[in-house]
Structures are given as structure tokens and as C-alpha cells.
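Comments concern the structure below.
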Amino acid sequence: MKQIHGTAIDIAGKGVLLLGVSGSGKSDVALRLMDRGAVLIADDQVELSLVSDKVYATAPKSLRGYIEVRGLGITSVPVSGGSMIALVVELVPSAEVPRLPEVLYKDMVGQKIPLIRLNAFEVSTPIKIELAVGDERRIGGEGPGDRK
């Protein structure tokens, strides 16, 4: 098991791992996705483990059921017990978001997971994440090109 700094959310049974520097908007994006029906897995720290060659995300016991909401503090929310990670979203400044991105992957506990880069504070970011999660060519490993 590996513990990393990030936030994980379950969207219709598919896990999304949000990564970025402190203040990049991970919890903010998670809150907006939760408002659209997603369920929090973990905030701030995510435990990753390998289950049948898939990356599984859970919350550390001490943080389970909590999210840090800037301006409100630590808040209790309903959570998922965990989910297989289907997509990694790296939250970056707007200037670093490619207009037409190449297919990228992030190595997580020895497995390659599809990766996209988005800016957390664009209004459309939660919708873009939902579209990417629903794109079987992107998350199913059947997209153009080899996994990088």
C-alpha cells in the first residue's frame, strides 16, 4: 500500500484521483463533482493498493469521511469505501492545459492510469472530468497509441 497527497472521488463506480500542489483546487473540484452526484473516497491523503492488477483507492482511517473546505474548515461528508482508479487528473495552471492533448498515463503503484491535465478553477472542469471518465477509449486502454 502507498499513501499519496491527493483527493479521490467515485463517479458512477469509477475512481478519479485528483493530484496537484497544495492550493491547486483538489478539494474544490471534489466538492463540485459531489454536487453533481459523485461520492468522496478520500481527501488530502489517499491510500493506493493493487487489487487484481488494478489500482484501488481508499481513505486512511483517520481521515475517512472528512474533506477540507477552504473557508469552512474540516467538514464531514458521506463517502465511498473505495474504488478502482480509472483516471488521474493533474490540476495545473490554465497556461499548462493543452488545447489538444496527447494521450498520457501516470504510473501509480506499478500500473499505468490514463492522465489528463486541467485547471481546477474553470467552471467546466467537473464536466470535463465526467466526460473523460465516460470515454471508454481513454480509460479502457483502447485509445490511439501505446501507453506511455
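Which residue pairs have Cβ atoms closer than 6 Å, lie 6 or more positions apart in sequence or on different chains, and pair a first residue in region 67-80 that is surrounded by fewer than 10 Cβ atoms within 10 Å (Cβ to Cβ) with a second residue that is assigned to a loop (DSSP other than H, G, I, E, B)?
So the pair list comes out as S76/G65.
Looking for whichever is in contact with a helix residue (DSSP H, G or I) (Cβ under 8 Å, 6 or more places away or on another chain) and farther than 19 Å from I4 by Cα here; the options are T125, T75. Which one fits?
Exactly one residue qualifies, and that residue is T125.
Find the residue count for region 22-37, including only residues that are touching a residue at least 60 places away in the same chain (Cβ under 8 Å) and among the aliphatic types (A, V, I, L, M).
Within region 22-37, residues that are touching a residue at least 60 places away in the same chain (Cβ under 8 Å) and among the aliphatic types (A, V, I, L, M) number 2.
Starting from region 113-126, take each residue that is over 20 Å from E102 (Cβ atoms) and list its partners that are of a type in the set (K, R) and part of a strand (DSSP E or B), counting only C-beta distances under 6 angstrom and pairs at least six apart or across chains.
Listed by first residue and then by second, the contacts come to nothing, as the list is empty.
Please count how many residues of region 39-77 are of a type in the set (D, E, K, R), closer than 14 Å to K26 by Cβ and under 14 Å from the mean Cα position of the chain (by Cα).
Number of matching residues: 2.
FYI, it's all coordinate maths here, none of it is from the lab. Small disclaimer: the values here were computed from a predicted structure and weren't measured. We place every Cβ from the backbone using ideal geometry, glycine too, and count neighbours over all the protein chains shown.
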